[in-house]
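Following: one structure in structure tokens, then a few remarks.
Each reported figure results from applying straightforward, stated rules to the coordinates on display, with no laboratory input. What you are looking at is a predicted structure, and each value in this text was computed from that prediction instead of being measured. Reconstructed Cβ throughout: ideal geometry from the backbone, glycine too, with neighbour counts over all protein chains shown.
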Amino acid sequence: MKEKTLLNHRELYVTLERLAYQLIENHGDFSHSAIIGIQPRGVSVAKKIYSLVSSILNVEDIKLGFLDITFFRDDFRIKKDSLKVSKTSIDFLVDGKKIILIDDVLYSGRSVCSAFAAINSFGRPLKIELLTLIDRRFSRDTPIQADYKGKEVDSFNTERVVVKWEETHGEEGVFLVDN
């Protein structure tokens, strides 16, 4: 399997820090905002962003949640593989909040559409923004775009983007891999 490095360890953390500062610029002290990671892979990015924002602002009360979209997906009834359901953990009201929805890779946009439906089942946010570490341009099935992007990547449909973290993979970086 051929692997091309899109972001090495250092570049990954510079990118995450830039995204954190962009969020702070637009959300101030986060008193009316919340970070929600899409299960499963958006959770790691959300935790990293949450840690950076909390550290930069020197606050610990930023709202952080995790959202499972399994039963909101448009393909869950037709998938042949068994469903892998993750835990949703949102212990705050989303009503009137600015929600920053986070995923690792934006590809077709279908997961994000499902996340919108899932979030709205919890209430009515004031605004929903999307942060993605990697934006695979030119591959959307839906009219979705990220408000905050770590890196834009042009790739073939035969390739996939893999984000690796030290805790789970033993190395960190973002890679483009042939399927």
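At 0.36 nm per residue, minus the direct Cα-Cα distance, what do residue 151 and residue 139 gain on full extension? Give it in nm, one decimal, please. List each step's numbers first, then the result.
Details: separation 12, 0.36 × 12 = 4.32 nm, distance 1.48 nm.
Contour length minus the Cα-Cα distance gives 2.8 nm.
Once you list every other residue whose beta carbon is under 10 Å from the beta carbon of residue 127, what net charge do they have if Lys and Arg are +1 and Asp and Glu are -1? Present the calculation step by step, with values, prior to reporting the outcome.
Working: positive: 97, 98; negative: 129, 147.
Summing Lys/Arg as +1 and Asp/Glu as -1 gives 0.
Quick one: compute the contact order of the chain, relative version, from alpha carbon pairs under 8 angstrom and 6+ residues apart, as a percent. Please report the intermediate quantities before stating the final value.
On the way: 332 pairs, mean separation 46.1, N = 179.
RCO, the chain: 26 percent.
For the stretch 6-103, which GluC sites (Glu not before Pro) pass both filters: DSSP loop (anything but H, G, I, E, B) and at most 14 other C-beta atoms within 10 Å? Don't skip to the end; give the middle numbers.
Working: sites: 11, 17, 25, 60; in loops: 60.
Sparse-neighbourhood loop GluC sites (Glu not before Pro): 60.
Net charge near residue 47, counting Lys/Arg +1 and Asp/Glu -1 over other residues with Cβ under 12 Å of its Cβ? Walk me through the numbers on the way to the answer.
Details: positive: 41, 48; negative: 104, 167.
Charge balance in the 12 Å sphere: 0.
Would you mind getting me the FRET efficiency between residue 177 and residue 120? Use the beta-carbon distance for r and R0 = 30 Å, nearest 0.05.
Details: r = 34 Å, r/R0 = 1.12.
Working from the Cβ atoms, E equals 0.35.
For the stretch 88-138 and the stretch 1-73, what is the centre-to-centre distance using only Cα atoms, to the nearest Å?
First find each Cα centre; the distance between them is then 12 Å.
How many nm separate the modelled label positions at residue 127 and residue 8, each set 7 Å beyond the Cα in the direction of the Cβ?
With each label placed 7 Å out from Cα toward Cβ, I get 3.7 nm.
Label residue 160 and residue 51 with points 7 Å out from Cα along Cα→Cβ: what is the distance between them in nm?
2.5 nm
What pairs from 2/151; 2/97; 48/97 go past 32 Å between their alpha carbons?
Details: 2/151 20 Å; 2/97 43 Å; 48/97 21 Å.
Beyond 32 Å between Cα atoms: 2/97.
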